[in-house]
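What follows is a set of notes on a single structure, which appears directly below.
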Amino acid sequence: MQGFAGFMWLLSIALILFSGFALIDAATRREDAYRAADKKTKPFWLIILGLAFVVNLVFNILSFLPIIGLIATIVYMVDVRPALRGLPGGGRSSRRGSSSDGPYGPYNGGR
């Protein structure tokens, strides 16, 4: 019985890490990337994935709530994340631009 409890503990830790990774990934994507990929909104996914993360922390893995959180996390990782990564720039927010970028976009040399 102790082996089963150890396995369930490892599975619980894996679910927490998986939902945490999805939450951090969703938080680092640009807001407009979600609209461009037609995948709800960034706040929607942050709320869903945040709830999944908290549920995985609080409830036992044999409960039905972590299973619902796992399904939401899988949907994000399999459907939303690849759509965001397929956009130019990978949907990531970048603070630094090219050295030739001006205040209104890239400088093209007067062309």
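The values are calculated or read from the model by the stated rules, or taken from the named source; none is laboratory data. The structure presented is a predicted model; accordingly, all values stated were derived computationally and were not measured. For neighbour counting, all protein chains shown are included, and Cβ atoms are generated from backbone atoms with ideal geometry for every residue, glycine included. To get the accessible areas, we keep the full protein, side chains included, count just its heavy atoms, and leave off ligands, DNA and RNA. Shrake-Rupley method; radii C 1.70, N 1.55, O 1.52, S 1.80 Å.
See the values below:
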read-out: Residue-wise HN-Hα coupling along the stretch 28-43, computed from phi with Karplus coefficients 6.51, -1.76, 1.60 (Hz; x: Gly, Pro); value: 8, 7, 6, 4, 5, 5, 5, 5, 5, 7, 6, 10, 6, 10, 5, x
read-out: Cβ-Cβ FRET estimate between Val54 and Phe4, R0 fixed at 22 Å, reported to 0.05; value: 0.30
read-out: Arg92 long-range amide H proximity, modeled H, under 5 Å; value: Arg30
read-out: With every protein chain in place, the stretch 20-86: carbon and sulfur % of accessible area (1.4 Å); value: 72 percent
read-out: Fully extended contour minus Cα-Cα distance, from Leu62 to Ala83, at 0.36 nm per residue; value: 4.4 nm
